[in-house]
Amino acid sequence: MIAKLAWRNIWFKPLNTLLSIILLSSSVAIITVLILLQKQFEEKFSSNIDGVDLVLGAQGSPMQLILSSVYHIDNPTGNISYDSAKVWMNHPFIEKAIPLAFGDNYRGFKIVGTNSDYLDKYKAKISKGKLFDKNFEVVVGSEVAQKLKLKIGDTFHGTHGDAKEGEVHEHIDYKITGIASPTGSVIDNLILSNIPSVWQMHGNHEDENPAHGEEGHVHKEDEHEHHEDDITLNEPNMEITAVLLKFRNKMGIVMWPRIIAQNTKMQAASPAIEVNRIFSLFGIGLKALEYLAYAIMLISGISIFIALYNRLKERKYEFALMRINGASRFQLLSLILIESLILCFVGFLFGTIFGRFALGFISNSAEDDFKMAFNPMEIVWEKESILLIATLVVGIIAALIPAIKAYQLNISKTLANA
Amino acid sequence: MLQTKNVTFFYNKETQFTFPELKCNASDVLLITGNSGKGKTTLLHLLAGLLRPKNGEISIENTNISSLSEKKLDQFRGKNIGLILQQSHFIASMSVLENVVLASWLATGKKAILKAEKLLAELDLENQKHKLPSQLSIGQQQRVSIARALINEPKLLLADEPTSSLDDENAFKVADLLEKLSKEYKAALVIVTHDSRLKNKFTNQINLN
C-alpha cells in the first residue's frame, strides 16, 4: 500500500518525474555504453593478438605495423624481403610463422596472401568448399561472403591498393573456392589467397603501372624475369608485407626486437605493448566521458532532491493526515525513500535500454568504418550491478533530507497552522 | 468514552492553559466552545494525542493515552480516534474511495473496501468515489473526511470547526450526519467550535472562556 501510494505520488507530478528520469537515464545510458564498449573493445583487440608474440615487418611506426598487419585498420609500413624474413621464420625459437602479403582489395575488403596457418590461428574452418590451392583461388571470410552475397565458384577482379576506387586488375580473375566459418575476429572481413597469387597479380604488368612503386604493396623486385607459368613460393627475390611470429622459446620475445632492429632493415613489434598503448590513449577519452556521466548523475540526484523537497511543503498536510490515521513515522520515511528509489530504478531501467540502442548505432557506424561490431545485448553483470547500486544510492541520498523532515513532522503544529 | 482530569498545557510562559474536566460517554455529543486563543484547538490536539499534556490525565476507553509510547500512540489513534478537521486534507494523488480505504489500512493493516463504499453511500457520495478529492466541493470534501474518520469505528470522534467553512444548509447537514453516525457507531463525539449554529443544536456544552 505504501508502495502503491509512492507510485501514485510519482505520477501525480509527471513533469517533475519525467525530468528526473530523463536525467538519470541519460547518465546511466552513457555509463552503460562505456562499460560495454570498453569491455568488448578490449576483448576484440586482445583476442586478435592471441598467439602473436611479435610481428615482423618493414621499419616505421611499430603501432602502424601492428594496426595494419594484425587489425587491418591502417596502411602497412612497407615491404620486407621474403628471403631475409625466411631466415627468421625458420629460426629454432619459432613455433609458428605466418607470412602475410597485402596487395589488393575487392570492394573494400582486403585480399591477403597467406597460408592455411592464418585460418588455424583464428580457429576458422572452411564452412563451404575448400581451401585455396592454386594461384588466384581464394577463401572469403564469413562477413565478406554475407555482405557481398558471394558464393563458391564466383569470380571477381581485384582492385589495387586499399581503396575501393583504385585501379582494377582486369587481366586475371580471382575464383572463390571456399567460405570461412564466422570467428568474430578480423578474418571474417578478409579475402585470403596464397602468397604467389599476390606476387603474380602484380608481377606481369609492372612496367605499365608506375603507381605500383608505393609502399606497402607487394610486387616483384626483379623485372626482367618473366614467367609463363604460375609463380610459386620458391621464386627468389620476392617481397611480403609482414610475418606473425609465435615463439617456442619466450626469450625471443624480449630479445628479437633489438636484434632485428640492429641487424636488418626490418623491425619486430610486440602487439601486446602496442595494444596497451592504444588502450591507454583510448582510456583518456573514456575517462572524460565517464566523469561527464557521473556529473549528470549528480545533477539528477539534485533534481530528485529538489523535487521531493519542494513537494514536501505541499504534502505536509498529507503526511500529518496519514499520521492521524495511524501511520507511523517510519511509514512516512519509507514512503519518501520508496518514491525516490522507484524513480531511480525506472531511470536505471530506461538508461540500460537506451544505452544499448546507442551502442547499436555506434556498432553500425564502427562496422562501416573499422569493420568492428559490438554486441549491445551483452550484459556485464558485475559492472552493471555496481551501476544499479550506485544509482539506488543516489536515490537514497537525494531522499534522505526530505524523508527525515517527514519523519520529524510536528502534526499538531502543521494542523494548527493550516 | 472519554474522561480528562486536571489537564494543563503550555507552549511557553505567556500561553498557559488549564482545562476543565471533560466527560463524554459513547453516543453522546459534547460541544466545546470558546473564543479564539482560548486553547480550543490545543485541547482537541491533546484529546487526539497529537500533543502530550504537561500535567493531568486523558483516558479514552480506560487507556491513559499520555502514558503510551509514540509508536503505540500512533496505533491507538488510528484505531480509536477519528478526527475531522476544519479544512479537509487528502492524499491528493488518490481517489476519494482510496483515501478512505487507506485510513483503514494504516490503522488495521486491512483494506476495508466494502465498508468504505457503504459509508460513502451513506454520506451520499456514491457517485464521487472515483474522483480525486480536489474535484469535490467543500461540503462534499467535509463529508469524505467524516467517512474517513468513521471507517475504523473509533470510540472517540473529534471534530475541529467542522461547519465553519460551510453554508447553513451544508452546516446543518454535516451536524445531523455527525450526530446520527456517532450514535450509529457508538462513538463519543466531541466538537470544538465557535459556530453559533451548532450551539443551538447541541445542549451539552463546555465553554473555555
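The values are calculated or read from the model by the stated rules, or taken from the named source; none is laboratory data. None of the values given here were measured: they were computed from a predicted structure. Quick reminder, even Gly has a Cβ in these numbers, built from the backbone with ideal geometry, and neighbours come from all protein chains shown. In case anyone asks, the SASA skips ligands and DNA or RNA and just uses the protein heavy atoms, side chains included. Shrake-Rupley method; radii C 1.70, N 1.55, O 1.52, S 1.80 Å.
Quick notes
- Scope region B:7-50; condition closer than 30 Å to B:Tyr185 by Cα, assigned to a loop (DSSP other than H, G, I, E, B) and within 14 Å of another protein chain (Cβ to nearest Cβ); matching residues: B:Gly39, B:Ala48, B:Gly49, B:Leu50
- Residue check for A:Ala327: open to solvent by less than 40 Å² (accessible area, probe 1.4 Å), within 10 Å of chain B (Cβ to nearest Cβ) and not in a helix (DSSP H, G or I): yes
- Qualifying residue in region B:99-116 (condition: of a type outside the set (S, T, N, Q) and under 14 Å from the mean Cα position of the chain (by Cα)): yes
- Considering (1) open to solvent by 10 Å² or more (accessible area, probe 1.4 Å); (2) farther than 30 Å from B:Ala159 by Cβ; (3) more than 14 Å from chain B (Cβ to nearest Cβ), the lone condition that A:Lys405 does not fulfil carries the number (2).
- Residue match in region B:132-139 (condition: surrounded by 14 or more Cβ atoms within 10 Å (Cβ to Cβ), free of Cβ contacts under 8 Å to residues at least 40 places away in the same chain, in a helix (DSSP H, G or I) and within 14 Å of chain A (Cβ to nearest Cβ)): no
- Filter result for A:Leu15 (open to solvent by 50 Å² or more (accessible area, probe 1.4 Å), closer than 29 Å to A:Met297 by Cα and aliphatic (A, V, I, L, M)): yes
- A search for C-beta distances below 9 Å between a residue of region A:12-28 that is in the same structural domain as A:Leu349 (by TED's automatic domain parsing) and any residue that is open to solvent by 20 Å² or more (accessible area, probe 1.4 Å) and not in a helix (DSSP H, G or I), counting only pairs 6+ apart in sequence or on different chains, returns A:Phe12/B:Ala92.
- Residues (touching a residue at least 60 places away in the same chain (Cβ under 8 Å), open to solvent by 40 Å² or more (accessible area, probe 1.4 Å), of a type outside the set (A, V, I, L, M) and in a helix (DSSP H, G or I)) located in region A:344-387: A:Phe350, A:Phe354, A:Phe370, A:Lys383
- Per-region count, region A:271-324, residues charged (D, E, K, R) and within 14 Å of another protein chain (Cβ to nearest Cβ): 7
- Sole residue being open to solvent by 10 Å² or more (accessible area, probe 1.4 Å), under 19 Å from A:Ile278 (Cα atoms), in a helix (DSSP H, G or I) and free of Cβ contacts under 8 Å to residues at least 24 places away in the same chain, chosen from A:Gln64, A:Gln38: A:Gln64
- Wholly enclosed helices (runs of 4 or more DSSP H) of region B:61-127 bearing at least 1 residues open to solvent by 20 Å² or more (accessible area, probe 1.4 Å), at the interface with chain A (Cβ under 7 Å from one of its Cβ atoms) and closer than 19 Å to B:Val144 by Cβ: B:96-108
- With respect to the conditions (1) assigned to a loop (DSSP other than H, G, I, E, B); (2) closer than 23 Å to B:Leu51 by Cβ; (3) of a type outside the set (Lys, Arg), B:Leu157 falls short on a single one, namely (1).
- Residues of region A:67-103 that turn out to be in contact with a helix residue (DSSP H, G or I) (Cβ under 8 Å, 6 or more places away or on another chain), assigned to a strand (DSSP E or B) and modelled with pLDDT of 90 or more, as a count: 8
- Residue match in region A:46-60 (condition: away from every other protein chain (no Cβ under 14 Å) and under 30 Å from B:Ser95 (Cα atoms)): no
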